[in-house]
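Okay, so here's the structure we're looking at.
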Amino acid sequence: MKSWRYSLLLLGGIGISNIGSWVYLIALNLIILNETGSPLAISLLYILGPIATICSNSWVGSLIDRINIKKFMIGLDITRAFCIALIPVLPSLFYVYIIVFFINIGSAMFEPTSMVYMTKLIPEKDRQRFNALRSFINSCGTLIGPAIAGLLFWMGTPYTAIYINSVALMLSAFIILLLPNLDSQTVSSETEKLSWKLIKNDFKMVYKFSQTHTFMLKVYLLFVGMTVFMTALDSLEAAFVKEVIEISDTNYGFLLSVFGTGIILGSVINTIFSKQLAVNFLIGSGSVFTAIGYIALYSSQGFTSAAIGTFMIGFAITFANTGYLTFYQNNVPVNMMGRFSSLFSMVEAIFIIILTVIIGLAAELTSIRPIGLIGSFTFLLLGIMAFQTVMPQKRKVYFEDRLTSNN
């Protein structure tokens, strides 16, 4: 009961932060689009995230595995809240891009840190259900966040919505403060100082681990590929619904609420049937149907057909995310998880930059719809590859063995 009490507290912090993040994301997309009217300008906004990841994650993994991660997460939340609160008073978009870059550095550092903390806090037998509940909480934020954004846009401006995220991050920091300290036995950074030699040795350790766990690496890289395609396709979404099918700012917020509804339904199914749904089934089916959802979205002609596509994406992504995250948590040792995720997140960031630039430029020079469809069908091929990798009967046995033996 004590373990689940802390788990629910952590889920509450995640939910509050997620609501603010959606409000911030929608507001920032609309601020850039209203100022420039360019899908490429929004694509550049999405590229700042992976660039920040490359700048920070070459060394942050070595830091995460050696410091008090609870204190680190609190510091990152407070810093990001302050930076976000500065956006409405910045004199030009140039400065907005700069401050968003530093916010993204904080987010890039927070993601692997929180993953390590969650893995330490949640017992292995409860991880699949926790990940499903996490998707459910995130979906509530996805549903409520855009609705709040739409209401704020109706009452005021996107800048008003920016402040909501700043407050949400401060609340998230307070909730993390209430959680237990899980790092009393970790190595002090004063004992083992961060250096290039230490980082290089950590890279070698991750490389050796990957060489001896090739199937785990293959599945993880498929998840990386899925994330790359989703980020690149999402960078076109605002421009597509606003300029191609001509949806208003308020209806755009409601469209994302439909996405959140899909996640809620998928998360409820994942939570209720967590013992019956195999991890490899979640990965295989979730990957394929997420791609089909993007095809439906970029084939849409109006709000109703776009809503069907976004609902399908939201519903399917919960299966894929729950499967991939559970597989990852159960197969990567927690004492090197920060270094592993940081190293491969740099690989992910590089491909996100390349694909997002290509898609953004192609949409700018040609048309958004065909580029979105080409990217979606390519994503489907990746989903089919993931299904073929994890679903054969021999792989089911491999999954079951690995999920209990690698911790």
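The values are calculated or read from the model by the stated rules, or taken from the named source; none is laboratory data. Nothing here was measured: the structure is a model prediction, and the numbers come from that model. Here the Cβ is made from the backbone with ideal geometry for all residues, glycine too, and neighbour counts use every protein chain on show. In case anyone asks, the SASA skips ligands and DNA or RNA and just uses the protein heavy atoms, side chains included. Shrake-Rupley method; radii C 1.70, N 1.55, O 1.52, S 1.80 Å.
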Practice problem: Output the number of residues of the stretch 60-69 satisfying the condition of being in contact with a helix residue (DSSP H, G or I) (Cβ under 9 Å, 6 or more places away or on another chain) and either farther than 26 Å from LYS120 by Cβ or surrounded by fewer than 17 Cβ atoms within 10 Å (Cβ to Cβ) (or both). | Solution: 0
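Given the structure, is ILE78 open to solvent by 20 Å² or more (accessible area, probe 1.4 Å), touching a Cys at 6+ places or on another chain (Cβ under 8 Å) and over 16 Å from LEU10 (Cβ atoms)? Spell out the reasoning first.
Values: open to solvent by 20 Å² or more (accessible area, probe 1.4 Å): yes; touching a Cys at 6+ places or on another chain (Cβ under 8 Å): no; over 16 Å from LEU10 (Cβ atoms): yes.
Answer is no for this residue.
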Quiz item: Where residues in the stretch 257-278 are out of contact with any Asp or Glu (no Cβ under 9 Å at 6 or more places or on another chain) and of a type in the set (A, V, I, L, M), which of them is nearest to ASN321 (Cα to Cα)?
Solution: ILE263
Practice problem: Return the pairs, sorted by first residue and then second, in which the second residue is not charged (D, E, K, R), the first residue lies in the stretch 285-300 and is outside any helix (DSSP H, G or I), the beta carbons are less than 7 Å apart, and the residues are 6+ apart or on different chains. | Solution: SER299/LEU373; SER300/ILE245; SER300/ALA306; SER300/GLY309
Exercise. Go over the candidates ILE78, ILE64, ILE84 one by one and state the one that is modelled with pLDDT of 90 or more, of a type outside the set (D, E, K, R) and within 24 Å of GLY20 (Cβ to Cβ).
Key: ILE78
Quiz item: Taking only pairs six or more apart or across chains, which ones have beta-carbon atoms under 8 Å, a first residue in the stretch 248-264 that is touching a residue at least 12 places away in the same chain (Cβ under 8 Å), and a second residue that is outside any helix (DSSP H, G or I) and surrounded by fewer than 23 Cβ atoms within 10 Å (Cβ to Cβ)?
Solution: LEU255/ILE247
Quiz item: So LYS208 fits all but one of (1) under 26 Å from ARG80 (Cα atoms); (2) modelled with pLDDT of 80 or more; what number is the exception?
Solution: (1)
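Rundown of residues vs (1) modelled with pLDDT of 80 or more; (2) under 30 Å from PHE377 (Cβ atoms), yes/no style:
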| site | (1), (2) |
| --- | --- |
| PHE174 | yes, no |
| LEU182 | no, no |
| VAL187 | no, no |
| LYS193 | no, no |
| TRP196 | no, no |
| GLU243 | yes, yes |
| TYR252 | no, yes |
| PHE259 | yes, yes |
| GLY262 | yes, yes |
Practice problem: Kindly list the number of the only condition in (1) among the polar types (S, T, N, Q); (2) open to solvent by less than 30 Å² (accessible area, probe 1.4 Å); (3) over 26 Å from LEU28 (Cβ atoms) that fails for GLN276. | Solution: (2)
Practice problem: Return the pairs, sorted by first residue and then second, in which the second residue is assigned to a loop (DSSP other than H, G, I, E, B), the first residue lies in the stretch 169-183 and is in contact (Cβ under 8 Å) with a residue 12 or more places away in the chain, the beta carbons are less than 9 Å apart, and the residues are 6+ apart or on different chains. | Solution: ASN181/ASN68; LEU182/ASN68; ASP183/ILE67; ASP183/ASN68
